[in-house]
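This report refers to the structure that appears directly beneath it.
The values are calculated or read from the model by the stated rules, or taken from the named source; none is laboratory data. Every value quoted in this text rests on a predicted model; they were computed, and no experiment measured them. Ideal geometry is used to build each Cβ from the backbone, glycine not excepted, and the neighbour counts take in all protein chains shown. What goes into the accessible areas is simple: the full protein's heavy atoms, side chains included, and nothing from ligands, DNA or RNA. Shrake-Rupley method; radii C 1.70, N 1.55, O 1.52, S 1.80 Å.
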Amino acid sequence: MKVFEIKYKSKNTKARIGVLHTAHGVMETPVFMPPASKGYLKSLDTLDINNTKTQIILINAYHLFLNPGVHFIQKYGGIHSFMNWNKPIISDSGGFQVWSLNNKNNKLARIKDDGVYFISPYDGFECFINAQTSIQIQHNLGADIVMAFDECSKDKGSKKDIKKSLDLTNKWLKQSLETHIYLNKRKNNKVLFFGIVQGGRYKDLRLQSLEFVKSLDTDGIAFGGETIGYNMKDTKKLLNYLVPFTIEYKPRYAMGLGGKPQDIVDAIILGIDMFDCVSPARIARHGELFTGVLDFNTWKIKSKVKNNIVRIANSTYRNDKKPIDEHCKCFTCQNYSRAYLRYLFMQHEPLYMRLATIHNIYFINNIIQEIKNYIKNE
């Protein structure tokens, strides 16, 4: 059985519909993967997550390694059992997180050829992660899809520095894959492995990275780094350039992309299959709610509300009896008004965060489902 099968292709764009087979079930792509980095999606239980039409969630090896610890989670039968989620789980390797510990004010990580030495933000002790331990952590957690350990590239870094970083990422990719293959054989598992394309904003380095990932036996190809998702104008240019060079029968994953529903639409029509982003849930908790309808003539989400965002704290909604979005079928929109949600928000009531998060995650999943339906009937 093939890991990934393409079922439909759009006649007018590069979008496609596929099915990805994992140990915890089959999912249909394109797919949005809400991050539950620490083993939970803030304010939602697993029933809520299911009701948002979510097929797969993302966890983070770095966070769970530090707290509560891999051995602790293993006592409960792995991450699926621990958090009561019986659908697929993809794990982030932690490479981005340890890289991000270095900023203007703090230098909490030392990146070496053999791995990364870093200060834990949880207890202040020095820790170490390399390619082998990252893959071991992800396997021990019980993820269905594991990611290679990589070094993220700064968007504005010099080409020389990014090339040096890419060489290290390629070295770690080989080590990651070797460890993954060994663990799969030893445990007779069917865990999937994705390689990550780095190279910053430089097309030639990105293509070099992509060709290196293609040369190895990975189950999927991911695009990582600051360049992806943060600046959608440049992101679209880069993905449009790289996608034709990918392997068609392998899923394409744009890491961290999906801050806005329109971003996902733009990536899908370029041929991207998988997305994750913390922003939809985060901005929901802070009072920004998605609205709008996708116009398939222009592939743009359109709404009467500015920027397709209902800012619920706005006094305009104080007596508004309408749902967040009149076309939305989520639990929140079917049962609560903008006025009530604004009241909860202004009261700092935790219930608001649950209802708002349900809406934003559902909204994205529903837009993706509408795209799938459209492609199937083109």
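Working carefully through the options 362, 352, find the one that is farther than 28 Å from residue 266 by Cβ, in a helix (DSSP H, G or I) and modelled with pLDDT of 95 or more.
Answer to the check: 352.
Within segment 1-27, track down each residue that is touching a residue at least 40 places away in the same chain (Cβ under 8 Å) and open to solvent by less than 50 Å² (accessible area, probe 1.4 Å).
3, 4, 10, 13, 15, 16, 17, 18, 20, 22, 25, 27
For residue 313, state whether it is more than 21 Å from residue 367 (Cβ to Cβ), of a type in the set (A, V, I, L, M), open to solvent by less than 30 Å² (accessible area, probe 1.4 Å) and modelled with pLDDT of 95 or more.
Answer is no for this residue.
Output the number of residues of segment 60-80 satisfying the condition of being small (Gly, Ala, Ser) and more than 22 Å from residue 23 (Cα to Cα).
1
Scan segment 109-126 for residues that are of a type in the set (Gly, Ala, Ser), farther than 23 Å from residue 171 by Cβ and surrounded by 11 or more Cβ atoms within 10 Å (Cβ to Cβ) and jot them down. Outline the logic, then answer.
Keep residues of segment 109-126 that are of a type in the set (Gly, Ala, Ser), which gives 109, 115, 120, 124.
Add one more test, that the residue is farther than 23 Å from residue 171 by Cβ, and what stays is 120, 124.
Passing the criteria: only 120.
Inside segment 247-274, can you point out the residues that are open to solvent by less than 10 Å² (accessible area, probe 1.4 Å) and among the hydrophobic types (A, V, I, L, M, F, W, C)?
254, 257, 264, 265, 267, 268, 272, 274
Would you mind telling me which numbered condition in (1) of a type in the set (A, V, I, L, M, F, W, C); (2) in contact (Cβ under 8 Å) with a residue 40 or more places away in the chain; (3) closer than 19 Å to residue 257 by Cβ residue 216 fails?
The one condition residue 216 does not meet is (3).
Which pairs do you get when a residue that is without any contact (Cβ under 8 Å) to a residue 12 or more places away in the chain and β-branched (Val, Ile, Thr), found in segment 189-205, comes within reach of a residue that is assigned to a strand (DSSP E or B) and open to solvent by less than 10 Å² (accessible area, probe 1.4 Å), reach meaning Cβ atoms under 9 angstrom, with the pair 6+ apart or on two chains?
none
Kindly indicate whether any position in segment 267-290 is among the β-branched types (Val, Ile, Thr) and over 22 Å from residue 235 (Cβ atoms).
Our first condition is that a residue be among the β-branched types (Val, Ile, Thr); within segment 267-290, this holds for 268-269, 272, 278, 283.
Of the ones still in play, those that are also over 22 Å from residue 235 (Cβ atoms) are none.
No: segment 267-290 contains no residue that is among the β-branched types (Val, Ile, Thr) and over 22 Å from residue 235 (Cβ atoms).
Hey, among the residues in segment 334-378 that are more than 25 Å from the chain's Cα centre (by Cα) and within 30 Å of residue 18 (Cα to Cα), which one's most open to solvent (accessible area, probe 1.4 Å)?
Residue satisfying both the conditions and the ranking: 377.
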